[in-house]
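Asker: Take a look at the following structure, please.
The values are calculated or read from the model by the stated rules, or taken from the named source; none is laboratory data. Values in this document were obtained by computation on a predicted structure and should not be read as measured data. Every residue, glycine as well, gets a Cβ built from its backbone with ideal geometry; the counts of neighbours run over all protein chains shown. Accessible surface is based on the protein model in full, side chains and every heavy atom, while ligands, DNA and RNA are left aside. Shrake-Rupley method; radii C 1.70, N 1.55, O 1.52, S 1.80 Å.
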Amino acid sequence: MNCYLCGLQAKQSEEDQGSELVDCSDCGTYKISSIVLRELGSKTFNYPKMRDDLHRQRQFNATAVAEINTQTAIWA
Ligand SMILES: [Zn+2]
């Protein structure tokens, strides 16, 4: 698959509770919720801001996987 953020080749694994885990060499590992995936059909991410936020989430809690959900998604 391609990374939902940068569009480069990434690895994807199914996750429980309606989210996907994406492992991108550029954006790192992040979780994306199925609701956001559905919204991606009609919207696009604000890529720089979204990347900043994932970075911020990792700094805030280094043990948790950064997450893109309806609360953290930043749209263009
Ligand atoms: Zn990426």
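Asker: Summing +1 for each Lys or Arg and -1 for each Asp or Glu, what net charge is found among the other residues whose Cβ lies under 12 Å from the Cβ of S33? Walk me through the numbers before you get to the answer.
Answerer: On the way: positive: K31, R38; negative: E15, D16, E20, E39, E67.
Spelling it out: positives minus negatives among the neighbours equals -3.
Asker: Could you size up the charge dipole of the stretch 10-68 around its Cα centre, putting +1 on the beta carbon of Lys and Arg and -1 on that of Asp and Glu, and report it in debye to the nearest 20?
Answerer: Dipole magnitude for the stretch 10-68 comes out near 240 debye.
Asker: To continue, here is another question. Percent of accessible area on the stretch 10-68 owned by carbon and sulfur, 1.4 Å probe?
Answerer: Whole-percent figure for carbon plus sulfur exposure: 48.
Asker: Under the rule a/c < 1.5 gives rounded, and otherwise a/b versus b/c splits prolate from oblate, where does the stretch 10-68 land using the Cα gyration tensor? Display every interim value, and only then the final one.
Answerer: On the way: a/c = 1.62, a/b = 1.17, b/c = 1.38.
It comes out oblate by the Cα gyration axes.
Asker: Among all the aspartates and glutamates, which ones have a C-alpha under 15 Å from K11's C-alpha, if same-chain residues fewer than 8 places away are not counted?
Answerer: The reachable aspartates and glutamates, counting only those whose Cα sits under 15 Å from K11, are E20, D23, D26.
Asker: Let me ask something additional. What is the local net charge at F45, summed over the other residues whose Cβ is closer than 12 Å to its Cβ (Lys, Arg +1; Asp, Glu -1)?
Answerer: Charge balance near F45 sits at 0.
Asker: Further, regarding this structure: Would you mind getting the accessible area per residue of the stretch 10-68, heavy atoms of the protein chains only, 1.4 Å probe, in Å²?
Answerer: Numbers: 3740 Å² over 59 residues.
Roughly 63 Å² per residue, with all protein chains present.
Asker: Net charge near D23, counting Lys/Arg +1 and Asp/Glu -1 over other residues with Cβ under 11 Å of its Cβ?
Answerer: 0
Asker: Please list 3J(HN,Hα) in residue order for the stretch 44-58, calculated via the Karplus relation 6.51 cos²θ - 1.76 cosθ + 1.60 where θ = phi - 60°; whole Hz, with x for glycine and proline.
Answerer: Once rounded to whole Hz, the list reads 10, 6, 7, 4, x, 5, 5, 5, 4, 5, 4, 4, 4, 4, 5.
Asker: So in the chain, what percent of DSSP beta bridges are antiparallel if you round to the nearest 5?
Answerer: Details: 13 of 16 bridges.
Here the share of antiparallel DSSP bridges comes out near 80 percent.
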